[in-house]
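Student: Let me begin by handing over the structure; questions about it come next.
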Amino acid sequence: MKKRGKGVGIIFYGTGYGNGFPDISKAEAELQDDGKVAIYVGATEVGQGAKTVMTQIAAEALGLKVEDIIFINEDTMVTPDSGTAAASRQSYNTGNAIKKAAEALKALIVDKAVDKMKLNTNIGLKVENGNVFVKTFPSRKISFKEIAEDYKENPLKVEEEFIAQTTEMDEETGQGAPYWPYTFSACGVEIEVDTETGIVEVIDGVLAQDVGKALNPKLVEGQMEGGFAMGMGYGIFENLNLKKGKMKNNSFTNYIIPTALDMPDIKNVIVEDPESTAPYGAKGIGEPVMIPVAPAILNAIHDAIGVRITETPVTPDKILKALK
Amino acid sequence: MKEINLTVNGKKHRIKIDENMRLIDLLREKLNLLGTKEGCGEGECGACSIIMDGEVVTSCLVMAFQAESADIITIEGLEKEDGTLHPIQQAFLDEGATQCGFCTPGMILSAKALLDKNPRPTRVEIKEGISGNLCRCTGYNKIVDAIEKAAILLEKGGN
């Protein structure tokens, strides 16, 4: 017999290293000969879209197009340390460092523009599309490229760092504020349990994620759908089967991860509530997107068959045992 | 050593191979076609998928000598000579169907083999068509979106 059930999971997650551990990202911004700006960060792109959103952040801060940002990352020979691509911290931490570096370079370019245009002050200047100009007299302008000509030997370059605010928890009481910022998500699923075979199928899903501000909604959705699939794998498929410290399920034949046929067409809900300390309000979401999924599925299994299972993954053998 | 003849991406080759060489090694090491990725090496993940005589095969499980006289398409064979992307590749970019990219070549070739036979598949048919290709990043939804979009682009007269 097939039994259907619905379930919800709701979580909050502290991004960054947390618990007082130094969480530092550095970034450099450098004006190029052609008026473009190079950003150097040690951040790693693993497909999550770090290069894209970080380029967007730099472009936004400098008033340039994304094509005019040369983004250099991962090469430790030339980039400063931006910490690991872990703890859902890169958009927030390194994003903040990039924004600071881009703004500092912009201020430096404006100062040089004041000298070069022989102005009295930097008040009332605007930076747009690679030009610095007097707001009330727009034809009085100078381009980034013209400014760069004076610094061919020694390009204008700044380095900034961002340190996230985290405090250590009290060891005795467990009290404190170990993370900042926190992010919130909720997941709802409908599942079907086959009581003959014990197989659980996730037939529908919705995932809502608080992102602060979605710098790139399509990338956010990609993270959400990926997180849903990973959470589903964690909930009902993926079993390392450790025996005396050895993985018994060490191939895709027995370590089952979701295929396209297992993944329902989920609905993504992006919740925006800009975070004041974040670059343009954006918080990290890489990990939180997967966390509410398994609890939602286990709650739905309870709804379907009336048995509460407390161990993941809920493989068919566990369902059949629970039904006896 | 053994010599075989085969066509790869429209080009004829006559290649010396070891009898125990796999097709994926022939493609990557003899022809330097590095777009074909080796994931699990045991035919489970689909990263090394290529099209051989119209069918998708995992090139890690095919011996090179079995490709005698075969007509093979790898990911490098999809874009036009002027660098224009194949509509499936373009749709993958447009829909954000790629994250780390490791499954992408195999995924796109499975999509091509599907669309060659079934130009307007349903979403379930698309999911079946790529169910032999594992993706750890995307959760597949955007890949299915991209293949749906590619079907429309191809119908409007892509290559």
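Student: At R0 = 22 Å, how high is the FRET efficiency between A:Phe21 and A:Asp81 if r is their beta carbon distance? Nearest 0.05 is fine. The partial results should precede the final answer.
Tutor: Numbers: r = 14 Å, r/R0 = 0.66.
So, using R0 = 22 Å, E works out to roughly 0.95.
Student: In whole Hz and in residue order, list the ³J(HN,Hα) couplings for the stretch B:142-153 that follow from phi through the Karplus curve 6.51 cos²θ - 1.76 cosθ + 1.60, θ = phi - 60°; x for Gly and Pro.
Tutor: Running phi through 6.51 cos²θ - 1.76 cosθ + 1.60 with θ = phi - 60° gives 6, 5, 5, 4, 5, 5, 4, 5, 4, 4, 5, 4 Hz.
Student: What does the accessible area of A:Val114 come to, in Å² to the nearest 10, when a probe of 1.4 Å is used?
Tutor: Accessible area of A:Val114: about 20 Å².
Student: Ok, one more. Suppose accessible area is computed on protein heavy atoms with a 1.4 Å probe; arrange A:Met232, B:Met63 from highest to lowest.
Tutor: B:Met63, A:Met232
Student: Same structure, new question: Please find the FRET efficiency linking B:Ser69 to A:Thr197, where r is the Cβ-Cβ separation and R0 is fixed at 41 Å, and quote it to the nearest 0.05.
Tutor: 0.40
Student: Sort largest first and round to whole Å: the equivalent ellipsoid semi-axes of the stretch B:87-155, each the square root of five times a Cα gyration tensor eigenvalue.
Tutor: Taking √(5λ) for each Cα gyration eigenvalue gives 17, 13, 10 Å.
Student: Rounded, prolate or oblate for the protein assembly as shown? Axes are the square roots of the Cα gyration tensor eigenvalues, ordered a ≥ b ≥ c, and the cut-off for rounded is a/c under 1.5.
Tutor: It is oblate, given that a/c is not under 1.5 and a/b is not larger than b/c.
Student: Return the loop-located trypsin sites (Lys or Arg not before Pro) in the stretch A:137-230 (DSSP other than H, G, I, E, B) with at most 10 other Cβ atoms within 10 Å of their own Cβ; answer none if there are none.
Tutor: The qualifying sites are A:Lys152.
Student: On a full-extension model of 0.36 nm per residue, what is the gain between A:Thr167 and A:Ser143, subtracting their alpha-carbon distance, rounded to one decimal in nm?
Tutor: Using 0.36 nm per residue and subtracting the Cα-Cα distance, I get 4.2 nm.
Student: Where does the Debye-calculated log10 I(q)/I(0) of the stretch B:2-77 sit at q = 0.19, 0.27 Å⁻¹, using only Cα point scatterers of equal weight, no solvent?
Tutor: These q points yield log10 I(q)/I(0) values of -0.68, -1.46.
Student: OK, next. Roughly how many whole Å is it from the C-alpha centroid of the stretch A:18-73 to that of the stretch B:1-57?
Tutor: 39
Student: I would also like to ask the following. Output the pairs from A:Lys126/A:Lys218; B:Lys16/B:Lys37; B:Lys2/B:Lys112; A:Lys99/A:Lys267 with a Cα-Cα distance over 24 Å in this structure; if there are none, say none.
Tutor: The pairs that break the limit, which is 24 Å between Cα atoms, are A:Lys126/A:Lys218; B:Lys2/B:Lys112; A:Lys99/A:Lys267.
Student: I've got another one for you. From the phi angles alone, apply the Karplus equation (6.51, -1.76, 1.60; θ = phi - 60°) to the stretch A:33-47 and give each ³J(HN,Hα) in whole Hz, x where the residue is Gly or Pro.
Tutor: 3, 8, x, 7, 10, 9, 10, 10, 9, x, 4, 9, 8, 10, x
Student: Please give the per residue volume of the convex hull enclosing the alpha carbon atoms of chain B, rounded to a whole number of Å³.
Tutor: That works out to 102 Å³ per residue.
Student: Still on this structure, please answer the following. Given the options A:Val293, A:Val78, A:Val127, state which has the largest fluctuation in a GNM of chain A using a 10 Å cut-off (strictly under) for Cα springs.
Tutor: With Cα springs under 10 Å in chain A, the top fluctuation among A:Val293, A:Val78, A:Val127 is at A:Val78.
Student: I would also like to ask the following. Could you order B:His86, A:His302, B:His13 so the one with the most accessible surface comes first? Probe is 1.4 Å.
Tutor: The ranking, largest first, comes out as A:His302, B:His13, B:His86.
Student: If you don't mind, there's one more thing I want to ask. Provide the per-residue ³J(HN,Hα) series for the stretch B:105-117, in order, calculated from phi with Karplus coefficients 6.51, -1.76, 1.60 and θ = phi - 60°, each as a whole number of Hz, with x at glycine and proline positions.
Tutor: Coupling constants for the stretch B:105-117: x, x, 4, 5, 6, 5, 5, 5, 4, 5, 5, 4, 8 Hz.
Student: In chain A, once you exclude exposed GluC sites (Glu not before Pro) (DSSP loop, at most 12 other Cβ within 10 angstrom), what's the longest stretch remaining?
Tutor: The segment A:1-152 is the longest one with no such site.
Student: Here's another thing I want to ask about it. Not counting ligands, DNA or RNA, and with a 1.4 Å probe, what is B:Phe102's accessible surface area in Å² rounded to the nearest 10?
Tutor: Using a 1.4 Å probe on the heavy atoms, I get roughly 90 Å².
Student: If each DSSP helix of 4+ residues adds -39,500 (n - 2.57) and the sum is divided by the residues in chain A, what number results at 222 nm, nearest 500 deg cm²/dmol?
Tutor: -7500 deg cm²/dmol
Student: Can I ask one more? Give A:Lys26/A:Lys116; B:Lys11/B:Lys156; A:Lys106/A:Lys157; A:Lys65/A:Lys112 a once-over and call out the pairs whose C-alpha atoms are over 19 Å from each other.
Tutor: Pairs exceeding the cut-off: A:Lys26/A:Lys116; B:Lys11/B:Lys156; A:Lys65/A:Lys112.
Student: Something else: Can you tell me the Rg and Dmax of the stretch A:129-227, counting just the alpha carbons, in angstroms?
Tutor: 26.1, 79
The values are calculated or read from the model by the stated rules, or taken from the named source; none is laboratory data. Predicted model, so just to flag it, every value in this text is computed and none were measured. Because the Cβ atoms are built from the backbone with ideal geometry, glycine has one as well, and the counts that use them run over all protein chains shown. Surface accessibility is based on the protein's heavy atoms, side chains included, excluding ligands, DNA and RNA. Shrake-Rupley method; radii C 1.70, N 1.55, O 1.52, S 1.80 Å.
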